[in-house]
Amino acid sequence: MAGKIGLVAFIVVVLAVGLIIGSTNIPGAWYQGLAKPPFNPPNWIFSPVWSALYIIIGIVGWRSWRGTDLSLKVLWAAQMGLNYLWSPSFFGLQNIALATAIIIALMVTIIAFVARAFTADRTSAWLFMPYLAWVSFATLLTVSILVLN
């Protein structure tokens, strides 16, 4: 039972913090005025995608913290911190260059996590693949917005 409570706690905390950051860093007039690439998705897509990803991130976090591999714990915590810094940097500070640096560091950290998890916890590595795919797309989007503006 304790394992299930821990799993639910990880998911709830990751989702809650994501919700708080998302609701306090809403795209506004500044974002609407930016030049965006033609592959920029509609704003409504971000909430459901991130909600699903945060559930996966919570599951992987729970798996990592239950394990004995310190590097997975450190990499999971690092990617989480970088993940949570992007929106305040981009939307809050309106600093596209800083947000670009953060998302590139986030992508590198996710790749490092997946590479390490393939030997330590293959399930977590596979669970992070949709997250890596989305952050790779978000990195391309962020870099494109930086170049266009």
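The values are calculated or read from the model by the stated rules, or taken from the named source; none is laboratory data. Since we're looking at a predicted model, the values are computed, not measured. Here the Cβ positions follow ideal geometry from the backbone for every residue, glycine too, while neighbour counts run over all protein chains shown. Just so you know, the surface numbers come from the protein's heavy atoms only, side chains and all, with ligands and any DNA or RNA stripped out. Shrake-Rupley method; radii C 1.70, N 1.55, O 1.52, S 1.80 Å.
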Open item on the list: When you check Leu19 against the structure, is it surrounded by 15 or more Cβ atoms within 10 Å (Cβ to Cβ) and not in a loop (DSSP other than H, G, I, E, B), yes or no?
Closed with: no
TODO: Could you tell me whether any residue of segment 65-86 is within 14 Å of Tyr131 (Cα to Cα) and open to solvent by 60 Å² or more (accessible area, probe 1.4 Å)?
DONE: no
TODO: Check off (1) closer than 23 Å to Val17 by Cα; (2) over 12 Å from the mean Cα position of the chain (by Cα) for Ala77 and give me the number that stays unchecked.
DONE: (2)
Open item on the list: When the residues of segment 25-64 are narrowed to those that are among the aromatic types (Phe, Trp, Tyr) and surrounded by 13 or more Cβ atoms within 10 Å (Cβ to Cβ), which ends up farthest from the chain's Cα centre (by Cα)?
Closed with: Tyr31
- [ ] With the condition kept exactly as written, say whether any residue in segment 90-100 is touching a Phe, Trp or Tyr at 6+ places or on another chain (Cβ under 7 Å), among the β-branched types (Val, Ile, Thr), open to solvent by less than 30 Å² (accessible area, probe 1.4 Å) and closer than 20 Å to Gly6 by Cα.
- [x] no
Task: Qualifying residue in segment 57-70 (condition: out of contact with any helix residue (DSSP H, G or I) (no Cβ under 6 Å at 6 or more places or on another chain) and free of Cβ contacts under 8 Å to residues at least 40 places away in the same chain) - done: yes
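For segment 82-105, how many residues meet the condition of being in a helix (DSSP H, G or I), over 16 Å from Gly22 (Cβ atoms) and without any contact (Cβ under 8 Å) to a residue 40 or more places away in the chain?
Matching residues across segment 82-105 total 4.
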Open item on the list: Take the conditions in contact with a Pro (Cβ under 9 Å, 6 or more places away or on another chain) and open to solvent by less than 60 Å² (accessible area, probe 1.4 Å) and apply them to Ser144. Does it pass?
Closed with: yes
